[in-house]
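Report on the following structure.
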């Protein structure tokens, strides 16, 4: 079964999240959503599927882990995906002493949507930590900025990037099974490193993106109930 907040072709027989959340259907579920963050619709679809005892892509565990940058990076590193050193703190002084400048800052609070901020000096760092830490109430995840930050759309691990970045996108999907997302990577010293993941806005989808999603959904549905394994 395909549960999708995105309008797919009629051939895929997708149902809306609101319909699924009111049902008790027993079936493997492919959850297609633009936003899987905690307490968002995408999260609740996977949670409802699990409560019903259904196999589901993505699982709530992977949703939560992928949207918490420090956990994303830790699991990615253990899986052999290239990452950079990262620290979780609310202290500007600690970031400066351990990482120096420039740095890239990601929110740890799962309700923050804003991606990341870069800082090349102390005043910019204070602004970034204040903003992404919700006025210093939450810690942030800081990483060294060693090269160029690149953000791109990933659909079932597929993306329009260079080969090394494509490989990271595929690895992230293989590990977390998040069908639709934006990935942030850093290109430094001829290498590419995973830095973060965030939801996509519906306005970011192109006709080619929709074709990619529809093609990948069709391939998975041909596997039947085994796709959720």
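The values are calculated or read from the model by the stated rules, or taken from the named source; none is laboratory data. Since we're looking at a predicted model, the values are computed, not measured. As a convention, Cβ positions derive from the backbone with ideal geometry for all residues, glycine included, and neighbour counts pool all protein chains shown.
Could you say which residue among 192, 203 is more than 20 Å from residue 49 (Cβ to Cβ) and out of contact with any helix residue (DSSP H, G or I) (no Cβ under 8 Å at 6 or more places or on another chain)? Show your work before the answer.
Values: 192 fails: out of contact with any helix residue (DSSP H, G or I) (no Cβ under 8 Å at 6 or more places or on another chain).
After applying the criteria, what remains is 203.
For region 134-191, give me every one of the strands (runs of 3 or more DSSP E) that falls completely inside it and has 2 or more residues that are in contact with a strand residue (DSSP E or B) (Cβ under 9 Å, 6 or more places away or on another chain) and closer than 15 Å to residue 73 by Cβ.
Working: elements: 140-144, 148-155, 180-188.
Output list reads 140-144, 180-188.
Considering each of 46, 4 in turn, give the residue that is closer than 23 Å to residue 172 by Cβ, touching a strand residue (DSSP E or B) at 6+ places or on another chain (Cβ under 6 Å), without any contact (Cβ under 8 Å) to a residue 24 or more places away in the chain and crowded, with 19+ Cβ neighbours inside 10 Å. Full working, then the answer.
Values: 4 fails: without any contact (Cβ under 8 Å) to a residue 24 or more places away in the chain.
Matching residue, one of 46, 4: 46.
Can residue 229 be described as modelled with pLDDT under 90 and either buried (at least 22 other Cβ atoms within 10 Å of the Cβ) or more than 11 Å from the chain's Cα centre (by Cα) (or both)? Write out each step before concluding.
On the way: modelled with pLDDT under 90: yes; either buried (at least 22 other Cβ atoms within 10 Å of the Cβ) or more than 11 Å from the chain's Cα centre (by Cα) (or both): yes.
Taking the combined requirement at face value, the residue satisfies it.
Out of curiosity, is residue 212 in contact (Cβ under 8 Å) with a residue 40 or more places away in the chain, assigned by TED's automatic domain parsing to the domain that holds residue 6 and outside any loop (DSSP other than H, G, I, E, B)?
Values: in contact (Cβ under 8 Å) with a residue 40 or more places away in the chain: yes; assigned by TED's automatic domain parsing to the domain that holds residue 6: yes; outside any loop (DSSP other than H, G, I, E, B): yes.
The answer is yes for residue 212.
Among the residues of region 108-124 satisfying the criterion of being assigned to a loop (DSSP other than H, G, I, E, B) and at pLDDT 95 or above, which is farthest from the chain's Cα centre (by Cα)?
Within region 108-124, the match that is farthest from the chain's Cα centre (by Cα) is 121.
Return the residues of region 187-204 that are at pLDDT 90 or above and more than 19 Å from residue 176 (Cβ to Cβ); say none if nothing qualifies. Lay out the reasoning, then the answer.
Taking region 187-204 first, the residues at pLDDT 90 or above are 187-188, 191-200, 204.
Passing the criteria: 187, 188, 191, 204.
Would you check which residues across region 193-212 are surrounded by 22 or more Cβ atoms within 10 Å (Cβ to Cβ) and under 17 Å from residue 158 (Cβ atoms) and list them?
Within region 193-212, 194, 197 qualify.
Has region 96-107 got at least one residue that is without any contact (Cβ under 8 Å) to a residue 40 or more places away in the chain, crowded, with 18+ Cβ neighbours inside 10 Å and either out of contact with any helix residue (DSSP H, G or I) (no Cβ under 9 Å at 6 or more places or on another chain) or in a helix (DSSP H, G or I) (or both)?
Looking for residues that are without any contact (Cβ under 8 Å) to a residue 40 or more places away in the chain, crowded, with 18+ Cβ neighbours inside 10 Å and either out of contact with any helix residue (DSSP H, G or I) (no Cβ under 9 Å at 6 or more places or on another chain) or in a helix (DSSP H, G or I) (or both), one finds none in region 96-107, hence no.
Which numbered condition trips up residue 169, out of (1) surrounded by 22 or more Cβ atoms within 10 Å (Cβ to Cβ); (2) free of Cβ contacts under 8 Å to residues at least 24 places away in the same chain; (3) in contact with a helix residue (DSSP H, G or I) (Cβ under 9 Å, 6 or more places away or on another chain)?
Failing condition for residue 169: (3).
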